[in-house]
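Presented below is the structure to which this report refers.
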Amino acid sequence: MSGPGVSPEGQRNARPGGEATVGVNVPPGGGGPRRRRRKRDEPEFRSYYDQPILNKVDWEAPDVAGYLFVGGLAGASGAIGAAAHRSGRRRLSRVAKLAAAGGTYASLIMLIHDLGRPARFLNMLRVFKVTSPMSVGSWLLSGLGATATVAATADLSGRGRRLGAVTTAAAGVLGPPVATYTAALVSDTAVPAWHDGHRTMPFVFASSALASAAGLGLVAAPVEESGALLPLAVGAGLGEVALTHVLEHETGDVVRETFEQGVPGKYLKAAEVVTTGGALLAATARGSRLRSALAGAALIAGSALTRFGIFHAGVASTQDPKYVVVPQRERRQ
């Protein structure tokens, strides 16, 4: 008697109630039982024709990963600029306003370059869809760019001080959402490393943005004004390192591999060392221009490494079916 097989009319010679073999790729034309090539108690997760379950992330690393970093820096700088303006720290306020305006335009350039055509970005401004992180983020980014530009221009020219004060305050209000909306943007996807960490991702992005913006203030502003940023730099830097570890554990034992291995692991390990070093330098930098500048540079670099590491972890988590299958099975249990 011939074994079970599949004909145009359906399955033949099959035992009623039989179950299909899950996780094993059967080549076209093949039939009958197949032995799984795996170690004992270690399932081999494969998909049909060895195709990935999820499509590979189309976003490019220099553009989108850089956009995640620079956008966070610009948003946090808007908030710092408003606080410095209010407290009378004019040179620190000017640095932060310029960073908010310049970072916004750099973010727009990266985003438009990834989209391919400027018209695609403009089309996102045709409507405001509160359920779409990309739509909300486009409006927030545009608003921050406009207000930060007017605020920086008024500061540099010395004219329109009242308008400058109003737009500085507006940039301070728009800055925090700009710094964190990208966390919702990446978490609102099927990418396992991003989606599974959606609870902690906004806090990681917020602390990373604050660390980078405070670091820029330590680098570019005089110590008599930037000294107020030292506690913020220490707290944000150490918070970024701690929250990144929380994010990794939140994704589960399997998906956490994407944060610890390969290119993402190298980025995140370097980020931990550099950011921790920058925070410790900032803790001892009061009154020292050199240590303040070194601490600030380390915090900026660490923030960038964190964003690139998280970005590449997301890309890696779409390339192996187990990062999709195992978390789904665990959630069903």
Quick one: order HIS85, HIS249 by neighbouring beta-carbon count within 10 Å, fewest to most.
-> HIS249, HIS85
Checking rank on 87-93, 116-122, with mean other Cβ inside 10 Å and highest first, the result is 87-93, 116-122
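First check a/c for segment 192-307, with a ≥ b ≥ c the square roots of the eigenvalues of its C-alpha gyration tensor; if it is under 1.5, answer rounded, and if not, answer prolate when a/b is larger than b/c or oblate otherwise.
Here segment 192-307 falls in the prolate category.
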Let me know the charge dipole size of segment 80-204 about its Cα centre in debye, to the nearest 20, where only the beta-carbon of Lys, Arg (+1) and Asp, Glu (-1) is charged.
-> 680
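Please report Rg over Rh for segment 56-188, where both radii come from the alpha carbon positions and Rh follows the Kirkwood definition.
Values: Rg = 14.8 Å, Rh = 14.8 Å.
That ratio is 1.00, to two decimals.
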Extended-chain gain in nm, criterion 0.36 nm per residue less alpha-carbon gap, LEU125 and ALA270 = 48.5 nm
Quick one: length gained pulling ARG162 to MET134 fully straight, 0.36 nm per residue minus the C-alpha distance?
-> 6.8 nm
In segment 196-301, the trypsin sites (Lys or Arg not before Pro) that sit in a DSSP loop and have at most 13 other Cβ atoms within 10 Å of their own Cβ are ARG199, ARG286
Distance in nm between label sites at TYR105 and ARG329, each 7 Å beyond Cα in the beta-carbon direction?
-> 5.3
Would you mind giving the three semi-axes, in whole Å and largest first, of the ellipsoid equivalent to segment 128-240 according to its Cα gyration tensor?
-> 29, 22, 8
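At a 10 angstrom cut-off on C-beta neighbours, averaged per residue, how do the peptides 171-182, 123-134 rank from highest to lowest?
Details: 171-182: 24.3, 123-134: 12.0.
So the peptides 171-182, 123-134, ranked by packing, come out 171-182, 123-134.
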What's the FRET efficiency of THR153 with VAL263 using the Cβ-Cβ distance as r and R₀ = 41 Å, to the nearest 0.05?
-> 0.50
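FYI, it's all coordinate maths here, none of it is from the lab. Owing to the predicted nature of the structure, the values given are computational and were not obtained by experimental measurement. All Cβ positions, even for glycine, are placed from backbone atoms using ideal geometry, and neighbour counts span all protein chains on display.
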